[in-house]
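These notes are about the structure you will find just below.
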Amino acid sequence: MCKFLKVLGKIAAIFSAIIGVLFVVYFWNLDQKLLGWAYVQVNKIFDRKKVDIKF
């Protein structure tokens, strides 16, 4: 029974840590900030290329 409670405690600790990390990402809107930064970096790469548009 003691071994079962230790395993259950470890699972609860891991689950709590995951929930905590997800809450911090949600609360500070870190996913949108990261995507905004990546969007700017990708646009810097593609804006350097000359584009020849012919219709």
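The values are calculated or read from the model by the stated rules, or taken from the named source; none is laboratory data. Since the model is a prediction, treat every value here as computed from it, not as a measurement. Heads up: the accessible areas ignore ligands, DNA and RNA and are worked out on the full protein's heavy atoms, side chains in. Shrake-Rupley method; radii C 1.70, N 1.55, O 1.52, S 1.80 Å.
Under the condition of being outside any helix (DSSP H, G or I) and open to solvent by 100 Å² or more (accessible area, probe 1.4 Å), the residues counted in the range 27-44 number 1. Taking ILE19, is it β-branched (Val, Ile, Thr) and in a loop (DSSP other than H, G, I, E, B)? No; evaluated as a whole, the condition is false for this residue.
Restricting attention to the range 6-55, the residues being more than 26 Å from the chain's Cα centre (by Cα) and modelled with pLDDT of 95 or more number 4.
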